[in-house]
1. Can you check what the net charge comes to around Thr474, using other residues whose Cβ is under 12 Å from the Cβ of Thr474 (Lys, Arg +1; Asp, Glu -1)?
2. Report, in deg cm²/dmol and to the nearest 500, the calculated mean residue ellipticity at 222 nm for the chain, where each DSSP H run with n ≥ 4 adds -39500 (n - 2.57) and the sum is divided by the residue count.
3. Less than 24 Å apart at the alpha-carbon level, and either on another chain or at least 8 residues along: which lysines does that give for Lys460?
4. Once you keep just the Cα pairs under 8 angstrom separated by 6 or more residues, what percentage relative contact order results for region 302-388?
5. Near Lys219, which aspartates and glutamates are there with a Cα under 20 Å away, not counting those fewer than 8 places off in the same chain?
6. Nothing charged except the Cβ atoms of Lys and Arg (+1) and of Asp and Glu (-1): what's the magnitude of the dipole of the chain about its Cα centre? Round to the nearest 20 debye.
7. Rank these residues by their accessible area, most exposed first, probe 1.4 Å: Asp231, Asp302.
8. Kirkwood-based Rg over Rh for the chain (C-alpha set), two decimals?
Amino acid sequence: MSLIGIDLGTTFCAVAALDERGRPFTVPNRDGDVLTPSAVYLAPDGSAVVGQSALDMALEQPDRVATLIKRRMGLPDYGRPVAGREYRPEALSAVILKKLAQDAEAQLGPVTGCVVTVPAYFDDTRRKATMDAGRIAGLNVIDIIDEPSAAALAYAVQQTKGEPPPPQTVLVYDLGGGTFDVTLVKLGRKRFQVLAIEGDVRLGGRDWDERLVNWAADKFVQQFGDDPRADPQSLAHLYATAERAKRALSKMEHASLTVSHGGHKVTLPLPRPEFEAITRDLLVRTRLTTQQVVRQAKVTWDAVDRVLMVGGSTHMPACGRMLTELTGRAPDHSLAVSEVVARGAAVHAGIRADTAAPAGQAPVAPDLADVVEISVNAHSLGVEVRSGAERVNDKLIPKNTQLPAAVVRVYSTAADNQTRVRVRILQGEAHQAEACIPVGECWIDGLPPNLPKGSPVRVKCGVAANGRIEVTATDQTSGRAASASIHRPGGLSDDELARAAEWVRGLKIQ
Ligand SMILES: Nc1ncnc2c1ncn2[C@@H]1O[C@H](COP(=O)(O)OP(=O)(O)OP(=O)(O)O)[C@@H](O)[C@H]1O
Ligand SMILES: [Mg+2]
């Protein structure tokens, strides 16, 4: 019986579990690797392959392989067919989750529950999609947790060997393969409190790769007049080569990229300064976001005790240099940057299981007893209201509010005998409603008949500790609860979820 933490990354995944004291350890996959590439190959015989072999297959049969699925989470489809069929991103992610759990079970025995991580900057729609992916995979998803918070938790637990450390404020800079998060966390002895979150759900190592791909392809076009990006197979090879060169440049001053396409081949030398020059603006974006989080938390750099670097892309020397220059502190290198998130998720699973356990039951994580975790919302929660001819975002819960949080609004029915009220729910900071992220419509149904026009309906909108939006409603005339549910335009219906779950249940996954 085990609890696991799963870091479901854009490019790589990791799994961790807890030892008998509640200390996290990484669980390697069947091949003995700590990281499993987030790639799914759908074979002609109807089975699936996940991980490095799937990534290798992408070089030969790119149309049968799905990668970077996390970038599509929250959207209705993967964006292109895989092996000739359209899939929802939740279903493809579920295949990865099932493989990760399967490999973990081979070592740990039955997995009873898991916590899956999400970028702190994920909105409610993407969070829901991640939880749905877990359900499709047949997993008991106890909770989701923000990746930087998970990293901070794992860091704090790692620190408590021996004397508990003094309370400290840490900045977590998490630059992964597809997303960027920066979070300020206050770590106390028994209290982990997120102060502020900023981020970018579409910025990660992949964008550095893309820069290199375009740089190399442009040079190739200049020389041969033929574009390797036009051919999916050449493009897949080019991405693989670019990523290798990028990694090499983290260790060495020089690397090179070999591009072959349409019978031509060229080797392009790439010194580190040139790589840094063609990707500089990407790093600057992370720098601006980092400055913003400190501003949001209303603290100064003096109040920041430590800078933690998380995510594979922080291996790039330019990241550490930029952070040192910006923060005036040398970033902490004591973390296993690719494993801490999964470890923190396992820690969170332990804390959650112990909080929910009946009194008297032996704790899963005795070292973590009484730990309190507090987070904030990464996006403001609002509802759409009319202001003259304009539709504007009426902010109910501003971003970086301590969670859980809830706000009550009273709406009035617009006509006699109205039995339902609909409210559009938004996430985002913009004043204009259309510039925000539409979560969906909250439908308040089942109001009693014969309500006169102008009857009050009390709507409570909240954000749970894990960033999920919750809505409840009461008809104030009768004082009875009305049904309130969120209808999402591109969301996964229960039927679709059941069908996807059936597909994954019957799928042989290697
Ligand atoms: N030595 C290295 N130098 C530069 N980049 C590296 C190195 N090692 C890994 N990376 C990059 O780190 C990224 C993967 O990092 P990580 O595993 O933290 O991301 P992820 O969890 O898949 O993504 P996300 O957290 O954004 O969903 C890839 O883009 C990879 O190319
Ligand atoms: Mg990650």
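1. After counting each charged neighbour, the total is +3.
2. Numbers: 11 runs with 160 residues, N = 510.
About -10000 deg cm²/dmol.
3. Within the straight-line limit of under 24 Å, Lys460 reaches these lysines: Lys128, Lys395, Lys399.
4. 21 percent
5. Qualifying aspartates and glutamates at Cα under 20 Å: Asp207, Asp209, Glu210, Asp227, Asp231, Glu243, Glu274, Glu276.
6. I would put it at about 760 debye.
7. Asp302, Asp231
8. On the Cα set of the chain, Rg over Rh gives 0.99.
The values are calculated or read from the model by the stated rules, or taken from the named source; none is laboratory data. Predicted model only: the values in this text are computed from it and were never measured. We place every Cβ from the backbone using ideal geometry, glycine too, and count neighbours over all the protein chains shown. Ligands, DNA and RNA are stripped out before the accessible areas are found, and what is left, the full protein with its side chains, is counted by its heavy atoms. Shrake-Rupley method; radii C 1.70, N 1.55, O 1.52, S 1.80 Å.
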